[in-house]
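Q: Sharing a structure, written as structure tokens. Questions coming.
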Amino acid sequence: MSTKRLLEIDNLTTTFHIHVGQVQAVRGISLHVDQGEAVGIVGESGSGKSVSMLSLMRLLPDYARISADRILFEGQDLTHASVDQVRRLSGDRIGMVFQDPMTSLNPLMTIGRQMQETLRVHRKMSRADAARRVRELLGLVDIPDPDSRQKQYPHELSGGMRQRVMIGMAIASNPSLVIADEPTTALDVTIQAQILALLKGLMDKIGTSIILITHDLGVIAGMCSRVVVMYGGCIVEEGLSREIFYTPRHPYTWGLLRSVPRKEGDHAPLIPIQGTPPDLINPPPGCPFEPRCPHAMRICRTAMPGVTRLSDTHRLRCYLMDEGAPRVAWEGGRA
Amino acid sequence: MTAQPLIRADRVSMQFTVGSSITRARRRVLTAVDQVSLDIHRGETFGLVGESGCGKTTLGRLLVRLYRPTSGTILYDGQDITSLTPQQMMPLRRKMQMIFQDPYASLDPRMTVSTIIAEPLRRTDMDRARVDARVRELLTLVGLDENHARRYPHEFSGGQRQRIGIARALAAGPEFIVCDEPISALDVSIQAQVVNMLEELQQRLGFTYLFVSHDLSMVRHISHRVGVMYLGHMVEMAPVDELFTHMAHPYTQALMSAVPIADPDASAASQRIILQGDVPNPMAPPSGCPFRTRCPVVMPVCADQKPALLDIGGGHWVACHRVGT
């Protein structure tokens, strides 16, 4: 695998200014994606995983303020680029796949026409070229009988087929990065398996990198080589999949791994994370996970812990990493 | 288990008429549940799994007689409730309750929490003070604060709302609770809280659950017995450990293998069976076995004959021509 850097985000912050105050949805995250890599971003609703990617694409409403020290994509500096510039570039080089294909597709247009339209507007293709490319794309996403399928409207397709169409549109211009935001959450497991296999196959076929946003650790384990764990707008831990699944060090990651039953099927009580996620209008000054953390100390309430590097790839923010902090070990599963 | 089951469904079917009712020509019949039989014993959790549209929710609603089955019989504690009128059902209603999937849609936004929880108590002869005391007791039981009683649903998070829904289900002192996807709208860390609570309540109060879910790992965790449905049919049914270790139906095998495993090595090592295509249209189901259009081991006989659900020993039932012949 080449290690060419595709995307680099440095200290990204996104704040929504709404009538009751400022929602600090993303609080200074830094992450990168290399070419040909699949990176998973895992977190619960409101952890900032989707907003951070929408910020990158500048797909947020006007009342969202986005700032970053640096955003580099394919060597281009997007930090201070205008919305139009970013959208033009991203429309071409970054594809997006959302959770709900039904709301992302135009119900009044046939599949074929809306796919062609994108190509004709973005790529200035002729009608005939666009039609040819659409057939090719439908084949690439394994839609059987593309000629008759493209004459159908979105409601005539099943959820899995619609998601294939969305993926086809996302890869229409051979993007170097596909951001998939909960692409299989609305689908049944057997269909989820089909879509994940398709995404994996596309990485090999067209060499695209993938950022997979999900709440499902199982989906990440099967797809991604690297994992970023978000909580309360911050990245609390990141590392190679093996590091996150086998030697996690952050209590929130422990909590996530323990709150799902293991495949072997034991009937011991699950260990839930107590409490509820933080209010991002007035986030606590300290570690966002402190109110729910079973190992919280006094210092955790005062300020955000700094980044501890455990390896070239494994990093986390937790005061338990400090010298003199109590030794708390991950038992590798439930007791 | 020789005791009389709390719930017994005998070849229960449910058909819905779909389409325009004026022009008869366009009216079509959708068989949501097709000849399903099952027993659920007291204190047991019966897990029901399957993909969307397989009829698992309809079956749950049939068992508490929210629907009247098109054919077949349903016994509750030995009593035939198949064709009871709503009035006749009334005394039984308090014994059977439901917990719904969407904690946002299932609570009336204009009612306070105490009104919501007290609703099932309205038809009882409890006086105001006793109802209030019962509401406070239920709130504590589901891990909420007594002071929450005067608040409205919008003031609560998804997990807390689900607790309110559970408190309402418990209010009338039920025996049998249908949990229809009770955790699928919740965040992972909250799901475990709710599942643990359901288990704890069962141990303390002896509830019988029908746990309907598409989350196989949670079903495996919480259930004693599990049934797998496909296109309105029960295709396999067995005690939980037997089902998960000796799954016999090709659909069950595909379904289990499709579940993502939160372990990179195990995930890489697992042999995935990826089914082709989608579930067929339930208004035009395939002839013979309902699964034959996607089955990786289909045989000619599968198109001609519908396989019967047969006991292959140890309470393990399978409907497949490949099994037991």
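The values are calculated or read from the model by the stated rules, or taken from the named source; none is laboratory data. Small disclaimer: the values here were computed from a predicted structure and weren't measured. Don't worry about glycine lacking a Cβ; one is built from the backbone with ideal geometry, like all the others, and counts go over all protein chains shown.
Q: Among the residues of the stretch B:251-277 satisfying the criterion of being surrounded by 20 or more Cβ atoms within 10 Å (Cβ to Cβ) and closer than 30 Å to residue B:18 by Cα, which is farthest from the chain's Cα centre (by Cα)?
A: B:275
Q: Another one. Quick check on my filter: what residues within the stretch B:173-191 are part of a loop (DSSP other than H, G, I, E, B) and either away from every other protein chain (no Cβ under 14 Å) or at negative phi (or both)?
A: B:173, B:174, B:175, B:182, B:183, B:184, B:185, B:186, B:187
Q: Kindly indicate whether residue A:253 is at the interface with chain B (Cβ under 10 Å from one of its Cβ atoms), of a type in the set (S, T, N, Q), in contact with a helix residue (DSSP H, G or I) (Cβ under 9 Å, 6 or more places away or on another chain) and within 18 Å of residue B:188 (Cα to Cα).
A: No; evaluated as a whole, the condition is false for this residue.
Q: I would also like to ask the following. Select from the stretch A:91-103 the residues that are under 17 Å from the mean Cα position of the chain (by Cα) and assigned to a helix (DSSP H, G or I) and write down the one among them that is farthest from residue A:173 (Cα to Cα).
A: In the first step, residues of the stretch A:91-103 are kept if they are under 17 Å from the mean Cα position of the chain (by Cα); the result is A:93-101.
Now restrict to residues that are assigned to a helix (DSSP H, G or I): A:93, A:101.
Values: A:93: 7, A:101: 19 Å.
Out of the qualifying residues, it is A:101.
Q: Of all residues in the stretch B:67-103, count the ones that are surrounded by 13 or more Cβ atoms within 10 Å (Cβ to Cβ) and either among the β-branched types (Val, Ile, Thr) or in a loop (DSSP other than H, G, I, E, B) (or both).
A: 17
Q: Being aliphatic (A, V, I, L, M) and either in contact with a Phe, Trp or Tyr (Cβ under 8 Å, 6 or more places away or on another chain) or not in a loop (DSSP other than H, G, I, E, B) (or both) is the filter here, so list the residues in the stretch A:272-295 that pass it.
A: Residue satisfying the conditions is A:273 alone.
Q: Here are B:296, B:307, B:280: which of them is surrounded by 18 or more Cβ atoms within 10 Å (Cβ to Cβ) and either assigned to a loop (DSSP other than H, G, I, E, B) or at pLDDT 90 or above (or both)?
A: Of B:296, B:307, B:280, the one residue that is surrounded by 18 or more Cβ atoms within 10 Å (Cβ to Cβ) and either assigned to a loop (DSSP other than H, G, I, E, B) or at pLDDT 90 or above (or both) is B:307.
Q: Does any residue of the stretch A:81-90 turn out to be charged (D, E, K, R), part of a loop (DSSP other than H, G, I, E, B) and over 19 Å from the mean Cα position of the chain (by Cα)?
A: Checked the stretch A:81-90: no residue is charged (D, E, K, R), part of a loop (DSSP other than H, G, I, E, B) and over 19 Å from the mean Cα position of the chain (by Cα).
Q: Across the stretch B:107-128, what is the number of residues that are modelled with pLDDT under 90 and over 25 Å from residue B:76 (Cα atoms)?
A: Residues that pass the stated criteria total 3.
Q: Checking residue A:14 against (1) among the hydroxyl-bearing types (Ser, Thr, Tyr); (2) in contact with a helix residue (DSSP H, G or I) (Cβ under 8 Å, 6 or more places away or on another chain); (3) modelled with pLDDT under 90, which single condition isn't satisfied?
A: (3)
Q: Right, something else. State yes or no: is residue B:53 in contact (Cβ under 8 Å) with a residue 60 or more places away in the chain, more than 14 Å from chain A (Cβ to nearest Cβ) and among the small types (Gly, Ala, Ser)?
A: Answer is no for this residue.
Q: Considering only helices (runs of 4 or more DSSP H) fully contained in the stretch A:112-198, which possess at least 1 residues that are in contact (Cβ under 8 Å) with a residue 12 or more places away in the chain and within 25 Å of residue B:254 (Cα to Cα)?
A: The qualifying helices (runs of 4 or more DSSP H) are A:127-140, A:159-170.
Q: Right, next: Among the residues of the stretch B:196-203, is there at least one that is surrounded by fewer than 20 Cβ atoms within 10 Å (Cβ to Cβ), of a type in the set (S, T, N, Q), without any contact (Cβ under 8 Å) to a residue 24 or more places away in the chain and within 11 Å of chain A (Cβ to nearest Cβ)?
A: yes
Q: Please go through (1) surrounded by fewer than 22 Cβ atoms within 10 Å (Cβ to Cβ); (2) modelled with pLDDT under 90; (3) within 11 Å of chain B (Cβ to nearest Cβ) for residue A:197 and return the number of the only condition it doesn't satisfy.
A: Single failed check for residue A:197: (2).
Q: Can you go through B:161, B:134 and tell me which one is touching a residue at least 24 places away in the same chain (Cβ under 8 Å), over 17 Å from residue B:190 (Cβ atoms), assigned to a helix (DSSP H, G or I) and not hydrophobic (A, V, I, L, M, F, W, C)?
A: Going through B:161, B:134 in turn, the sole match is B:134.
Q: Exactly one of (1) within 30 Å of residue A:5 (Cβ to Cβ); (2) out of contact with any Phe, Trp or Tyr (no Cβ under 8 Å at 6 or more places or on another chain) is unmet by residue A:106. Its number?
A: (1)
Q: Further question: Restricting attention to the stretch A:85-104, report how many residues are of a type in the set (Phe, Trp, Tyr) and exposed (fewer than 15 other Cβ atoms within 10 Å of the Cβ).
A: Here the count works out to 0.
Q: Also, quick follow-up: Quickly run through the stretch B:217-260 and pick out the residues that are touching a residue at least 40 places away in the same chain (Cβ under 8 Å) and facing another protein chain (nearest Cβ under 7 Å).
A: B:217, B:220, B:254, B:255, B:259
Q: Return the residues of the stretch B:266-290 that are within 11 Å of another protein chain (Cβ to nearest Cβ), hydrophobic (A, V, I, L, M, F, W, C) and touching a residue at least 40 places away in the same chain (Cβ under 8 Å); say none if nothing qualifies.
A: B:279, the sole residue that qualifies.
Q: Please go through (1) more than 26 Å from residue B:272 (Cα to Cα); (2) within 7 Å of chain B (Cβ to nearest Cβ) for residue A:260 and return the number of the only condition it doesn't satisfy.
A: (1)
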